[in-house]
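Notes to accompany the following structure.
The values are calculated or read from the model by the stated rules, or taken from the named source; none is laboratory data. Predicted model only: the values in this text are computed from it and were never measured. Every residue, glycine as well, gets a Cβ built from its backbone with ideal geometry; the counts of neighbours run over all protein chains shown. Side chains included, ligands, DNA and RNA excluded: accessible areas come from the protein's heavy atoms. Shrake-Rupley method; radii C 1.70, N 1.55, O 1.52, S 1.80 Å.
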Amino acid sequence: MANIYLVVGSVTGTALGVAEVLKQVIEVAGHSVVLDEHASLATLNSQSWDAVLICTSSTGKGEIPNNLMPFYNELANGASLLAKMKFGVIALGNSSYANFCGAANLMEQRFFELQALCPVPKVTIDATETTTPERDAKFWLKEFLAAL
Ligand SMILES: Cc1cc2nc3c(=O)[nH]c(=O)nc-3n(C[C@H](O)[C@H](O)[C@H](O)COP(=O)(O)O)c2cc1C
């Protein structure tokens, strides 16, 4: 069974709501999970995680929500390589914005730079296409959990 760090970037609560649903699914599947709205390098380094899940919306012009930005910056400044860490990205956005899911792309890029492994390509959830983002995310999560 896996120990999963589920980090959230959310402005108006949609990504947080999705993450809360995912947390339940992860627990029902018998894994342990910590959902963190204020993710930090200290927490990342505090436990032996099997995987990090990043569930984030985008704000501004494809920017990372304020509550996830400190973690993003910490990952750039002195994080050691995450060479055997698996990660997955649940990207919430709206394709009517020029930089669709820009924040999730930035987070993904940073994890790749730290040499983490991405067993299942990120899922992008477009607010113009779905009103039930948690359903798309749950579908993707099953695939991710099977890859752990
Ligand atoms: C001010 C504002 C700026 C946004 N900018 C982007 C963007 O640049 N790219 C994108 O894909 N979505 C953008 N969105 C859409 C949100 O990411 C999307 O609605 C998401 O579901 C919101 O989730 P949240 O409530 O967790 O923040 C923006 C939304 C708002 C209100």
Worksheet item: Does Leu92 satisfy the criteria of being open to solvent by less than 50 Å² (accessible area, probe 1.4 Å), outside any helix (DSSP H, G or I), within 16 Å of the ligand (Cβ to nearest atom) and not basic (Lys, Arg)?
Response: yes
Practice prompt. Please find, within segment 95-104, the residue that is least open to solvent (accessible area, probe 1.4 Å) out of those that are within 6 Å of the ligand (Cβ to nearest atom) and part of a loop (DSSP other than H, G, I, E, B).
Written response: Cys101
Item to complete: Would you tally the residues in segment 63-89 being open to solvent by 60 Å² or more (accessible area, probe 1.4 Å) and in a helix (DSSP H, G or I)?
Response: 4
Discussion item. I need the full set of residues from segment 121-141 which are without any contact (Cβ under 8 Å) to a residue 40 or more places away in the chain and under 16 Å from Ile26 (Cα atoms), in order please.
Written reply: Arg135, Asp136, Phe139
Response to the item:
In segment 114-148, anything within 18 Å of Gly13 (Cα to Cα) and either of a type in the set (Phe, Trp, Tyr) or assigned to a helix (DSSP H, G or I) (or both) is listed as Pro133, Glu134, Arg135, Asp136, Ala137, Lys138
